[in-house]
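Reviewing the structure listed below.
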Amino acid sequence: MTPEHGEPTGRVTPALGRAAHTAQPVTGTRLDPWIGAYADRTHGMRASEIRALFAVANRPEVVSLAGGMPNLDGLPMEAIAESTYQLLLKRGTTALQYGSGQGDETLREQIVEVMRLQGIQAHPDDVVVTTGSQQALDLVVRLFIDPGDVIVAEAPSYVGALGVFRAYQADVVHVPLDEHGLVPEALEETLTRLAAEGRAVKLLYTVPNFHNPAGVTLSQERRPRVLEIARRHGVLVLEDDPYGLLGFDGDPLPAMRSMDDVGVVYLGSFSKTFAPGYRVGWAVAPHYIREKLVLASESSILCPSNASQLAISTYLAHHDWRHQIKLYREMYRARRDAMVGALEEHIPEATWTVPEGGFYTWVRLPHGLDAQAMLPRAITALVAYVSGTAFYADGQGSDHMRLSFCYPTPERIREGVRRLAGVVQEETELVRIFGTGGHRDEDGVTSAGPEIH
Ligand code: PMP
């Protein structure tokens with residue numbers, strides 16, 4: 001209501017456009033007076049299932065197998081504090097000043113060095129430093145997606161990427177994964193079908209290493225095949241790789257970007273290999289895309305934080321970061337083993353992926369159980385997970401859950417899985433008595449996903 005309609009004027013009423021016609025009375029009410037003013041692109045925005053969980057999952061009595069927070073206990077805090085102190089003392093006026101939109105040059109050189117471990121030959125000019133790789137995701141999607149454009153994404157996909165895709169009103173089409181990652185034949189078939197329908201596919205979004213949430217890795221043999229298919233269909237590949245250096249056995253596989261420097265935008269991050277709090281990630285892109293990325297980033301943040309960039313640059317220069325990554329890998333491997341061992345012991349009737357790196361395993365529930373419906377009961381039993389539905393754009397996934405093993409200790413992981421087993425048993429009993437609680441697609445087929453022990 002507007003003042004002309006007799007509404008008391010205790011505040012400024014939106015005077016123009018749709019807002020003026022549809023604004024609700026405000027003073028003393030909880031209704032959003034700006035409800036009619038939001039842009040269309042906000043309609044798809046909603047809190048992720050993970051965020052909604054955080055409030056309860058973070059209570060100390062709950063074992064949270066939900067969040068993807070890295071465990072930072074092993075970081076040499078005193079040494080980092082000392083070098084940060086020295087940085088501010090010696091270069092404080094630079095560290096606390098605005099910086100370049102593309103990012104600090106020395107850090108970009110160091111990022112090139114880090115990426116060599118995955119076979120990427122890039123020039124520091126190809127790198128754009130961002131506020132976490134999440135911002136890089138946002139920028140790439142902003143550059144390429146008009147409302148209704150198609151993004152082909154793995155089924156399941158990283159929930160934070162799906163949020164960005166929704167915000168830009170992309171149409172997400174899922175392509176299945178199996179234990180070797182994205183299935184090339186399914187990709188070929190999907191791109192051919194979309195082309196026949198005349199739909200504009202702009203991006204292929206993939207997390208090839210230690211997938212979030214599926215825990216699987218795109219095999220070496222499939223990488224060039226996926227690239228060849230994308231190239232033939234004129235689709236840009238968005239390779240999101242925050243976990244690539246966190247493999248538990250052997251050397252990392254070559255990044256897709258190491259095989260194609262024209263058709264791939266690569267995203268990296270220090271969040272999992274060092275610490276997420278500095279919020280430093282990066283994109284590597286062909287120069288024409290890179291220039292636009294810098295312009296888009298400048299228009300949203302002017303420049304990434306100089307203080308964060310120089311702190312990371314100092315860490316890389318003065319600490320044995322390779323050793324730190326090795327420690328992380330050992331820590332996460334022990335936690336993966338605890339998770340998989342506990343699943344075998346307590347919920348053998350489920351199936352799950354055994355990740356070779358990263359933070360997550362993807363569990364398929366037995367007996368038609370519904371992970372989303374079961375969650376309140378799990379929280380009551382003091383264990384939290386993320387329902388598989390968070391990782392699909394189209395409501396699939398209720399027969400899966402993502403279990404994170406990154407943050408809790410192995411003892412807590414085992415306790416969490418033990419509690420979860422109790423919930424699964426209760427639910428199974430309820431399903432037995434009352435019929436299936438499982439979500440089914442229209443054709444009666446439960447949603448698919450990788451299902452490997
Ligand atoms: N991509 C994937 C697959 C992730 O799992 C995450 C964080 N969970 C991100 C991107 C964003 O990470 P950050 O912004 O901290 O670099």
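The values are calculated or read from the model by the stated rules, or taken from the named source; none is laboratory data. As the structure is a computational prediction, the values presented were derived from the model and not from experiment. For neighbour counting, all protein chains shown are included, and Cβ atoms are generated from backbone atoms with ideal geometry for every residue, glycine included. Protein only, heavy atoms only, side chains kept; ligands, DNA and RNA dropped before computing areas. Shrake-Rupley method; radii C 1.70, N 1.55, O 1.52, S 1.80 Å.
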For D251, the accessible surface traced by a 1.4 Å probe with all protein chains present amounts, in square angstrom to the nearest 10, to 140
Using only the Cα atoms, work out Rg/Rh for segment 78-145, with Rh taken as the Kirkwood radius, to two decimals.
1.05
What residues from segment 319-352 fall in the zone where the backbone N is under 14 Å from a label point 7 Å along the Cα-to-C-beta line of T409?
335
Would you work out the Kirkwood radius for segment 284-440? I mean one over the mean of 1/r across all pairs of different Cα atoms, in Å.
18.5
For the chain, what is the percent of antiparallel DSSP beta bridges, rounded to the nearest 5?
50
Probe 1.4 Å, heavy atoms of protein chains only: per residue, the accessible area of segment 171-261 in Å² is 36
Near V62, within a Cβ-to-Cβ distance under 12 Å, what is the net charge of the other residues, with Lys and Arg +1 and Asp and Glu -1?
+1
In whole angstrom, the spacing between the Cα centers of segment 354-382 and segment 174-231 equals 25
Taking only the Cα positions of segment 163-260, the convex hull volume per residue in Å³ is 101
Keeping every protein chain present and rolling a 1.4 Å probe, give me the accessible area per residue for segment 306-378 in Å².
37
What nm distance separates the two modelled labels at D73 and D337, each placed 7 Å from Cα along Cα→Cβ?
1.6
Which parts of segment 85-103 would a label at H123 reach, counting a residue when its backbone N lies under 19 Å from a point 7 Å out along Cα-to-Cβ?
101-103
Of all beta bridges DSSP finds with both residues in segment 137-208, what is the antiparallel percent, to the nearest 5?
15
If the viscosity is 1.306 mPa s and the temperature 10 °C, what translational diffusion coefficient in µm²/s does Stokes-Einstein give for segment 25-171 when Rh comes from Kirkwood over Cα pairs?
79
Starting from 0.36 nm per residue, how many nanometres of slack lie between T84 and D394 once their C-alpha separation is accounted for?
107.1 nm
Which net charge results when you count Lys and Arg as +1 and Asp and Glu as -1 among the other residues whose beta-carbon is under 15 Å from that of L382?
+2
Could you work out the relative contact order of the chain? I mean the mean sequence separation of Cα pairs under 8 Å and 6+ apart, divided by the number of residues, in percent.
20
May I ask for the percentage of alpha-carbon pairs in segment 226-334 that lie more than 21 Å from each other?
49
Semi-axes of segment 298-376's equivalent ellipsoid from the Cα gyration tensor, sqrt of 5 times each eigenvalue, largest first, rounded to whole Å?
38, 21, 8
Relative pair counts by distance (%), Cα atoms of segment 353-407, 5 Å bins:
4, 20, 26, 26, 17, 6, 0
In nm², what is the average projected area of the convex hull enclosing the Cα atoms of the chain?
25.4
Go ahead and estimate [θ] at 222 nm for the chain from helices alone: -39,500 (n - 2.57) per DSSP H run with n ≥ 4, summed, over the residue count, rounded to 500.
-13000 deg cm²/dmol
Take the Cα atoms of segment 119-176, build their convex hull, and give its volume per residue in Å³.
108
Within the chain, how many Lys pairs that are eight or more residues apart, or on different chains, come under 29 Å at the alpha-carbon?
5
Counting only protein heavy atoms with a 1.4 Å probe and every protein chain in place, the carbon and sulfur fraction of the accessible surface of the chain in whole percent equals 55
